[in-house]
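Below you will find the structure I want to go over with you.
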Amino acid sequence: MKLYNLKDNREQVDFETAVKLGLGREQGLFFPVELPIITPIELSKILKMDFITRSTEILSRFIYNEIPKEILYQHVKKAFSFKHPLKIKITNNIHSFELFHGPTLAFKDFGARFMAQMILLFNKKNESVTILTATSGDTGAAVAHAFYDMKNVKVVILYPKGKISELQEKLFCTLGKNIKTVSINGSFDDCQKLVKEAFNDKILKESIGLNSANSINISRLLAQICYYFEAFSLISEQQRKNLVIAVPCGNFGNLTAGLLSKSLGLPIKSFIACTNANDTVPRFLKNGMWNPKKTVSTISNAMDISQPNNWPRIEELFNRKKWNLKELRFGSVSDYSTQNTLKELFKLGYVSEPHAAIAYRLLKDQLKEDEFGLFLGTAHPAKFKNTVEEILKNDIALPNELKTRINLPLLSYNINPNFSKLKEILLER
Ligand SMILES: *Cc1c(COP(=O)(O)O)cnc(C)c1O
């Protein structure tokens, strides 16, 4: 698989290099030179396969020349070795697609665990690798668990202090061993800036084998394509005809993967790009002006991002496929409306959480009569226990993944958004 740098098309790399580098020159994102196509006949065969076989088949379309299918299958199997996504009926024409049944209770397990497998596979000489990543909540946990206790891998995770939920923090800041967590006195965007600075420091990068695990890493995006096919395989012929998928967006990796699944040939009629008050993209789609504002904190904190990293890939994909951005549906939802929506869903017998509720809200408001809608459940409601309990006035049971960590002490460092401080931590043995 060949990929080019969106900021400098002359830089072209293979999949292995893109996985290892994360970003290209000038912090440019990598994008596939060729966009594979699955024909309708192949698609009907693929949809009948089991999740692991099908996912291998899809990923193979991109990376067949670098990883033989049999080997890829083994890694996909290890990466996706947890409960598969579930489709839950909410109303006749709206179902939720729950992606949060992995070890860290968020859809990020798919991308992070596949990426960990790829880094293992490509680290043939067992060199030491440092994974540096910024998280607005769920990436950190997924990445930490995916790499936990792996030989020769050190993981450093930055997150904005006080801006992720207590349980989210417990899930990954209590692990120890090869996992170091750092709370930053600042916003998620400050964390992303520090990561970029580290990658710009060539000497540092070489000496510690720096790798990013943000949703900018191409391996994570490819992995996420797979569950859109799973969703499609679970719905009826009738529902497939006019399928609309609402995606709760932060860094826009999930939506990028969805759009890539469509470019492969999965006939999804439309996507809704759903945000909270951090609405840079909805405003852009409305008036054509890219005008990020200061990030504001909301109850859907994993989406508190005003400069979404993956957006250039979405624009590139639309250009390459000659799709019109006007066809991308969008909307933003306030905290107030999110709370009411959680209550509305609860009345329908469904306990949700703020991120999925935003997607449900926009889907419900925008879905046309002849359409069928799926909204993505990106995290388990228990991860936002306090918020959800307060809104619904109802207790939420903790799943085992959280129960086992809740009483463990937090092991995080705390620093100001200051690169030299971060550097010390990165260089520590
Ligand atoms: C990360 C995350 C999102 C946003 O996903 P992106 O791929 O960054 O757009 C939405 N909801 C939850 C719960 C998340 O953890």
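Need one number: nm distance between label points at Asn418 and Asn126, each 7 Å from Cα along Cα→Cβ, rounded to one decimal.
Once both label points are built, they end up 3.9 nm from each other.
A follow-up question, please. If you build the Cα gyration tensor of segment 82-216 and take the root of 5 times each eigenvalue, what three semi-axes come out, in whole angstrom, biggest first?
Calculated on Cα positions only, the semi-axes equal 28, 19, 13 Å.
Alpha carbons only, please: Rg and Dmax for segment 141-212, in angstrom.
When restricted to Cα atoms, segment 141-212 yields Rg and Dmax of 12.7, 36 Å.
In whole Å, how far is the Cα centre of segment 336-415 from that of segment 232-249?
Answer, in whole Å: 21.
Let me ask something additional. Return the inverse of the average 1/r over all pairs of distinct C-alpha atoms in segment 362-429, which is the Kirkwood hydrodynamic radius, in Å to one decimal.
Values: mean 1/r = 0.0593 Å⁻¹.
This gives a value of 16.9 Å.
Would you please name the trypsin sites (Lys or Arg not before Pro) within segment 103-149 that are DSSP coil residues with at most 15 other C-beta atoms within 10 Å of their C-beta?
Of the trypsin sites (Lys or Arg not before Pro), the ones in loops of segment 103-149 whose Cβ has at most 15 other Cβ atoms within 10 Å are Lys124, Lys125.
Can you give the convex hull volume per residue for the Cα atoms of the chain, as a whole number of Å³?
Numbers: hull volume 57.0 nm³, N = 429.
Taking the convex hull of the Cα positions in the chain, it is 133 Å³ per residue.
Can you tell me the length gained on complete extension of the stretch Asn287 to Asn407, counting 0.36 nm per residue apart and subtracting the Cα distance?
Using 0.36 nm per residue and subtracting the Cα-Cα distance, I get 38.4 nm.
Would you kindly give the portion of the calculated P(r) for segment 1-153 that falls above 25 Å, as a percent of all Cα pairs?
It works out to 40 percent of all Cα pairs.
Round to a whole angstrom and tell me the spacing of the C-alpha centers of segment 1-40 and segment 106-131.
Here the answer is 18 Å between Cα centres.
Still on this structure, please answer the following. Can you pull the three principal axis extents for the Cα set of segment 51-102, in Å, largest first?
Principal-axis extents of segment 51-102 (Cα, largest first): 44, 20, 12 Å.
Mind checking segment 53-153 for chymotrypsin sites (Phe, Trp or Tyr not before Pro) that DSSP puts in a loop (not H, G, I, E or B) and that have at most 16 other Cβ atoms within 10 Å?
Passing both the DSSP loop test and the Cβ count: Tyr64, Phe82.
Using a 1.4 angstrom probe with every protein chain in place, what is the largest-first accessible-area order of Lys170, Lys77?
Lys77, Lys170
Now, a different point. Could I get the Rg over Rh figure for segment 328-401? Both from C-alpha atoms, Rh via Kirkwood, rounded to two places.
Ratio of gyration radius to Kirkwood radius for segment 328-401: 0.99.
Still on this structure, I have one more. Could you work out how far apart the two model spin labels at Lys269 and Ile37 are, taking each label as a point 7 Å from the Cα in the direction of the beta carbon, and quote it in nm?
Going by the 7 Å Cα→Cβ label model, 2.4 nm.
Let me ask another. Choose one answer from Val388, Val153, Val296: the residue with the largest mean-square fluctuation in a GNM of the chain with alpha-carbon springs under 10 Å.
Val296
Let me ask something additional. Name all residues of segment 157-187 having a backbone nitrogen under 18 Å from the label point set 7 Å from the Cα of Arg429 along its Cα→Cβ direction, giving them as ranges.
What the label zone holds, given the 18 Å backbone N cut-off, is 177-180.
Any chance you could look up the accessible area of Trp323 with a 1.4 Å probe, heavy atoms only, rounded to 10 Å²?
About 60 Å², ignoring ligands and nucleic acids.
A further question on this structure: Sort out the exposed loop GluC sites (Glu not before Pro) in the chain (DSSP loop, at most 12 other Cβ within 10 Å) and tell me the longest stretch that has none.
Counting only loop sites that pass the neighbour cut-off, the longest clear stretch is 128-368.
How long are the three semi-axes of the equivalent ellipsoid of segment 192-288, in whole Å, if each is the root of 5 times an eigenvalue of the C-alpha gyration tensor, listed from largest down?
Square roots of five times the eigenvalues give 33, 19, 9 Å.
The values are calculated or read from the model by the stated rules, or taken from the named source; none is laboratory data. This is a predicted model, so every value here is computed, not measured. Virtual Cβ from ideal backbone geometry, glycine too; neighbours counted across all protein chains shown. The accessibility values were calculated without ligands, DNA or RNA, using every heavy atom of the protein model including side chains. Shrake-Rupley method; radii C 1.70, N 1.55, O 1.52, S 1.80 Å.
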